[in-house]
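Enquirer: What follows is a structure written as structure tokens; I'll ask about it next.
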Amino acid sequence: MPIPKTRTIWMNGRFVPWEKAHVHVLSHALHYASSWFEGIRAYATKRGIAVFRLQDHLRRLQDSCKMYAVELPYTLEELERATLELLRRNRLGACYIRPLVFRGYGEMGVLPLNCPVEVVIAAWQWGRYLGEDSAERGVDICVSSWTRPSNNALPAMAKAAANYLNSQLVKIEAARHGYAEGLTLDEHGNLSEGSGENVFLVRDGTLYTPPLAASILPGITRATVVELARDEGIPVVEQIIPRAMLYVADEVFLTGTAAEITPVRSIDRIAIGSGTVGPVTRAIMERFARITRDGEDPYQWLTFVNKSSARASKRTRSSQTVNSK
Ligand code: PPE
């Protein structure tokens, strides 16, 4: 699907017209994949337009940069302000926000340290990632024949563009075989994650998800689901998960900023549970919707884009009991 254009993109400290946001073909990032990014969603809640877990995403961007010795030329507060201003200037409601840091044009050769660091933030409208009816009906997925790179080869903890070459192999294979997504196994053959999502399964009322050591991105939706589940009274276990546990799960779902919470109805053509959206998945989806649809903010995860809603949010915050941690 083509990207729906907006008026402006934030590029290295200035707002430039969408059509003018160019880079040089000899930029380091194009040749050696030296770029790191985030995916963030803003929701049009009943209480105004709000960015979901903005600070957590920017912090992860900073972490990704740190692993690759990239000095971010902006503070997280500057990037936060730029993001909110970008949404206002583009008059965006619900949208997807893509901050990107990359090594630009300067020197050629693998050693990147003398290349300039460029920072971009763009935003556009992006609907459901895994198909229009994916939230209601669930998706059919497969276990990929491709392995997730070992943590000591390409650290999955960094949201680095290079990791998405592996994701592309997974996604292309899945699409060729008619699946909405592919799940990967890690170097030891245990469950890792999807090409662009973390994965959870439910067995006998307990929620299971692989640990960071299983070559997964520390997903912010994953952390969200863990917290929502605990508050719902659902036990959550982070553990190494053998592939076979997938097929005998009562429920499976994928989580990601783009994918949000997407139920899985079959894996490798084997039906999961009853093949419909299960009760644990549904309960967590409903809790998530109370935040992103209704604008409830007990965990202080929302940053309202317009000041009037922001003030309303602060008032509500101080009068609410926060029982998250
Ligand atoms: N694992 C991978 C590999 C991944 O790409 C994502 C997000 C996640 C887990 C979930 O992380 P989080 O968004 O913090 O809950 N994938 C992003 C990119 C998707 C794309 O196609 O581009 C996203 O969802 O924004």
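Enquirer: Which residues, counting only those in region 135-150, are more than 13 Å from the ligand (Cβ to nearest atom), of a type outside the set (Asp, Glu) and open to solvent by 20 Å² or more (accessible area, probe 1.4 Å)?
Expert: Arg137, Ser145, Thr147, Ser150, listed by residue number.
Enquirer: Next question. Out of the residues in region 186-218 that are among the aliphatic types (A, V, I, L, M) and touching a helix residue (DSSP H, G or I) at 6+ places or on another chain (Cβ under 9 Å), state the one that is surrounded by the most Cβ atoms within 10 Å (Cβ to Cβ). Quick ask: steps written out before the conclusion?
Expert: Restricting attention to region 186-218, the residues satisfying the condition of being among the aliphatic types (A, V, I, L, M) are 191, 199, 201-202, 207, 212-214, 216-217.
Checking which are touching a helix residue (DSSP H, G or I) at 6+ places or on another chain (Cβ under 9 Å) leaves us with 191, 199, 201-202, 207, 216-217.
Numbers: Leu191: 25, Val199: 27, Leu201: 25, Val202: 22, Leu207: 23, Ile216: 24, Leu217: 22.
Filtering first and then ranking leaves Val199.
Enquirer: With a cut-off of at least 1 residues that are at pLDDT 95 or above and aromatic (Phe, Trp, Tyr), name the helices (runs of 4 or more DSSP H) lying wholly within region 148-264. Please lay out each step first, then the result.
Expert: Details: elements: 163-176, 220-231, 244-247.
Hits in region 148-264: 163-176, 244-247.
Enquirer: Please note which strands (runs of 3 or more DSSP E) are completely contained in region 18-70 and include at least 3 residues that are under 15 Å from Leu87 (Cα atoms) and within 16 Å of the ligand (Cβ to nearest atom).
Expert: Numbers: elements: 35-37, 40-45, 48-52.
It comes to 40-45.
Enquirer: Further, regarding this structure: Pairs only if they're at least six apart or on different chains, beta carbon under 9 angstrom, first in region 154-180 and in contact (Cβ under 8 Å) with a residue 60 or more places away in the chain and open to solvent by 50 Å² or more (accessible area, probe 1.4 Å), second more than 13 Å from the ligand (Cβ to nearest atom) and assigned to a helix (DSSP H, G or I); list them, first residue then second.
Expert: Met157/Met67
Enquirer: Could you look through region 113-134, keep only residues that are more than 29 Å from Ile49 (Cα to Cα) and open to solvent by 50 Å² or more (accessible area, probe 1.4 Å), and pick out the one that is farthest from the ligand (Cβ to nearest atom)? Show your work before the answer.
Expert: Taking region 113-134 as the starting set, the residues that turn out to be more than 29 Å from Ile49 (Cα to Cα) are 113-117.
Going one step further and asking which of them are open to solvent by 50 Å² or more (accessible area, probe 1.4 Å), we end up with 113-114, 116.
Values: Leu113: 27, Asn114: 29, Pro116: 24 Å.
For region 113-134, the residue satisfying everything is Asn114.
Enquirer: Among the residues of region 72-95, are any of a type in the set (S, T, N, Q) and either farther than 24 Å from Trp124 by Cβ or surrounded by fewer than 16 Cβ atoms within 10 Å (Cβ to Cβ) (or both)?
Expert: Let us first name the residues in region 72-95 that are of a type in the set (S, T, N, Q), namely 75, 83, 90.
From what is left, the residues that are either farther than 24 Å from Trp124 by Cβ or surrounded by fewer than 16 Cβ atoms within 10 Å (Cβ to Cβ) (or both) are 75.
Yes.
Enquirer: Something else about it: Would you mind finding the one in Ile216, Ile234, Ile267 that is on the phi < 0 side of the Ramachandran plot, more than 16 Å from the ligand (Cβ to nearest atom), hydrophobic (A, V, I, L, M, F, W, C) and in contact (Cβ under 8 Å) with a residue 60 or more places away in the chain?
Expert: Ile267
The values are calculated or read from the model by the stated rules, or taken from the named source; none is laboratory data. Keep in mind that this is a model prediction, so the values were computed, not measured. Using ideal geometry, Cβ is built from the backbone for each residue, glycine included, and neighbour counts are taken over all protein chains shown. For accessibility, only protein heavy atoms count, side chains too; no ligands or nucleic acids. Shrake-Rupley method; radii C 1.70, N 1.55, O 1.52, S 1.80 Å.
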